[in-house]
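The structure appears below as structure tokens.
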Amino acid sequence: MSKVAIFMGSISDEDKMRPCAEVLAAHGVPFTFTVTSAHRTPERTRRLVAELEAAGCQVFICAAGMAAHLAGAVAAATIRPVIGVPITASALGGMDALLSTVQMPPGFPVATVALDAAGARNAAWLALSILALSDAALADRLVAAREGFVASVEKAAADLESRTGAPS
Ligand code: RP5
């Protein structure tokens, strides 16, 4: 049973969104990873949201470029948390998708993360944080992951300082 859905507006978004799937998989969270479009397949989008929600999906992650309305369309169809990932896919360099995703009207929030792969990763981390509110074991794994990030920065600092001299 999928706990998280990852929707992309086009298969052309796949490379940028794969890190999202990888973060969820690394934490043992079951997810659905598929293509559906707010504009090209609006009925499919609404049907998927209804079916996944009925099956227990807790968080929806939506990635789209250009006039990026997928996250907003999903937010209109569910009260579960929706995370939007704006994708760089046009001559406007992603600003079109960023503004389309972030500027939702009151009552229909989309938690908008960074553009492209960086946002894809953080969309997964944010989904994990939401799931961890009701999953103590997952919360423990997130704390351990944070400790890993701390350790990697401290190791990088120690390695650099061993080459260049410790700060005085
Ligand atoms: C958006 O338009 C998609 O999410 C994609 O980022 C962009 C271009 O789609 P394709 O023309 O590559 O299918 O809807």
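The values are calculated or read from the model by the stated rules, or taken from the named source; none is laboratory data. Because the structure is predicted, anything quoted here is derived from the model rather than measured. Side chains are part of the model used for accessible areas, which takes the heavy atoms of the whole protein and leaves out ligands, DNA and RNA. Shrake-Rupley method; radii C 1.70, N 1.55, O 1.52, S 1.80 Å.
Suppose only helical runs count, i.e. DSSP H with n ≥ 4. What mean residue ellipticity at 222 nm does that imply for the chain under -39500 (n - 2.57) per run, divided by all residues and rounded to the nearest 500 deg cm²/dmol?
Numbers: 6 runs with 86 residues, N = 168.
For the chain, the value works out to -16500 deg cm²/dmol.
So what's the Cα pair-distance distribution over the stretch 72-168, bin width 5 Å, in %?
Distribution as computed: 3, 12, 14, 15, 15, 11, 12, 9, 6, 2, 2, 0 percent.
Amide H neighbours of T88 under 5 Å, counting only residues 5+ apart in sequence or on other chains, H built in-plane at 1.01 Å?
Residues meeting the criterion, in which the H sits 1.01 Å from N, are D116.
Could you compute how fast the chain diffuses translationally, taking Rh as the Kirkwood radius over C-alpha pairs and applying Stokes-Einstein at 4 °C with viscosity 1.567 mPa s? Give it in µm² per second.
Rounded, D is 77 µm²/s.
Provide the per-residue ³J(HN,Hα) series for the stretch 160-168, in order, calculated from phi with Karplus coefficients 6.51, -1.76, 1.60 and θ = phi - 60°, each as a whole number of Hz, with x at glycine and proline positions.
Each residue's phi maps through the Karplus curve to give 5, 5, 5, 8, 10, x, 5, x, 10 Hz.
With a 1.4 Å probe and all protein chains left in place, how much accessible area per residue does the chain have, in Å²?
Here the per-residue accessible area is 53 Å².
Based on the alpha-carbon set only, what is the convex hull volume of the stretch 1-88 divided per residue, in Å³?
77
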